[in-house]
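What follows is a set of notes on a single structure, which appears directly below.
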């Protein structure tokens, strides 16, 4: 038996190919082999994340400084207490201590999410919608038409979510018409996103087939 047959690269490629075929077996029906591959994937992912978190966050930021005599530092003691309180949620009598860690995680996570939504989504989207609509300033006529479609689409989409206007007034009728246009704008956008998602999944499928037929079996090059 040639030594290359048992090389780490060959074994790794063969193992990846077998797991790929096992995952594809779900197209036939749910089976024990597929569930085994699913557990292997989840287990390796969690193991990798834990190792990376320990070596890049826990040890350099908490364990290492703490062992060096820094447990009295509030910047180390407080995160250590909060992390330990989350683990204590599995202990019945000490379950209440976990509320401190959960409250901190929810509060900090909500603040980061809100700040990220404003600074990373709302403001950039508002700036992107503030486009010039005059030739020469916004470019040629084709660019101006594209900018006009962008502005109309943004305003129409926003009007779709405006529910307090009276439909008996002129502005209410305008909101109703704008909401209808906005609904079609959203349908086009969602369709484009779905098509992009389908193409990306098809690319992943072609990549795995190319791996099986090329890297593993050597049928195609």
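The values are calculated or read from the model by the stated rules, or taken from the named source; none is laboratory data. Just so you know, these numbers come straight off a predicted model, no measurement behind them. Backbone-built Cβ (ideal geometry, glycine too); neighbour counts: all protein chains shown.
Under 24 Å from the mean Cα position of the chain (by Cα) and in contact (Cβ under 8 Å) with a residue 12 or more places away in the chain: is that true of residue 144 in this structure? In short, no. Every condition in (1) surrounded by 11 or more Cβ atoms within 10 Å (Cβ to Cβ); (2) more than 30 Å from residue 85 (Cα to Cα); (3) touching a helix residue (DSSP H, G or I) at 6+ places or on another chain (Cβ under 9 Å); (4) modelled with pLDDT of 85 or more holds for residue 105 except the one numbered (2). Residue 191 - would you say it is within 22 Å of the chain's Cα centre (by Cα), more than 30 Å from residue 16 (Cα to Cα), loosely packed, with under 12 Cβ neighbours inside 10 Å and modelled with pLDDT of 85 or more? Yes, satisfied. State whether one or more residues within segment 116-129 are over 30 Å from residue 151 (Cβ atoms), within 19 Å of the chain's Cα centre (by Cα) and either free of Cβ contacts under 8 Å to residues at least 60 places away in the same chain or in a helix (DSSP H, G or I) (or both). Taking every residue of segment 116-129 in turn, none turns out to be over 30 Å from residue 151 (Cβ atoms), within 19 Å of the chain's Cα centre (by Cα) and either free of Cβ contacts under 8 Å to residues at least 60 places away in the same chain or in a helix (DSSP H, G or I) (or both).
Could you please let me know if residue 58 is in contact with a helix residue (DSSP H, G or I) (Cβ under 8 Å, 6 or more places away or on another chain), surrounded by 12 or more Cβ atoms within 10 Å (Cβ to Cβ) and assigned to a helix (DSSP H, G or I)? In short, no.
Applying the set (1) more than 30 Å from residue 215 (Cβ to Cβ); (2) surrounded by 12 or more Cβ atoms within 10 Å (Cβ to Cβ); (3) more than 25 Å from the chain's Cα centre (by Cα) to residue 21 leaves exactly one unmet item: (1). For segment 208-221, residues that are within 14 Å of residue 13 (Cβ to Cβ) and either surrounded by 10 or more Cβ atoms within 10 Å (Cβ to Cβ) or touching a residue at least 12 places away in the same chain (Cβ under 8 Å) (or both) total 9.
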